Amino acid sequence: MGFFDKILGQKKPVGEPDKFIDLTEWVEPGMEKSDESVKMTVKVAEIYRYEDLGNLTAPVYNGNMLLLDFSPIAGDDFMLRRITTELKQMTSDIGGDIAGVGRNMFIVTPSGVRIDREKIRGTY
């Protein structure tokens, strides 16, 4: 049922699935937070200042992957250079990896995980 259908009070036909899934509420069956079969989590974060780095790197030290959005500081070259240097040093220390994803994101991995920098491209 779409947004306008809700406003207009129209009901969806019985048995018709919703077109969109609200990912904030959806949980894959069998993948509840208490599931002990999960070995690694992908953490998504934004960074606003250099001091945030300590809290953001803790998951990587604990064996999780970090997808870091640095859009809020993309215009501050000095701070971005400091943060990048610190992240590179951390990944070197723990045997992890770091790479840019798109224009404003880094992916930071823990020990034992490498990032393949070759893009898989679809055909035209």
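Charges only on Cβ, +1 for Lys and Arg, -1 for Asp and Glu: so what's the dipole of the range 40-114 about the Cα centre, in debye to the nearest 20? Mind showing how you got there, number by number?
Working: 7 positive and 9 negative charges, 36 e Å.
Dipole of the range 40-114, to the nearest 20 debye: 180 debye.
If you take every residue apart from Met105 with its C-beta less than 11 Å away from the C-beta of Met105, what net charge results, scoring Lys and Arg +1 and Asp and Glu -1? Please list the in-between numbers first.
Values: positive: Arg103; negative: Glu46, Asp69.
Around Met105, the surrounding residues sum to -1.
Any idea how far apart Ser71 and Ser92 come out in nm if each label point goes 7 Å out from Cα toward Cβ?
Inter-label distance under the simple model: 3.1 nm.
Would you calculate the separation in nanometres between label points at Arg82 and Leu53, each defined as 7 Å from the Cα along the Cα-to-beta-carbon direction?
So the two model labels end up 0.8 nm from each other.
Any read-out appearing in this document is the output of simple, stated calculations on the displayed coordinates, not a laboratory observation. All figures in this text were calculated on a predicted structure; none of them were measured in a lab. Every residue, glycine among them, receives a Cβ derived from its backbone with ideal geometry; neighbour counts consider all protein chains shown.
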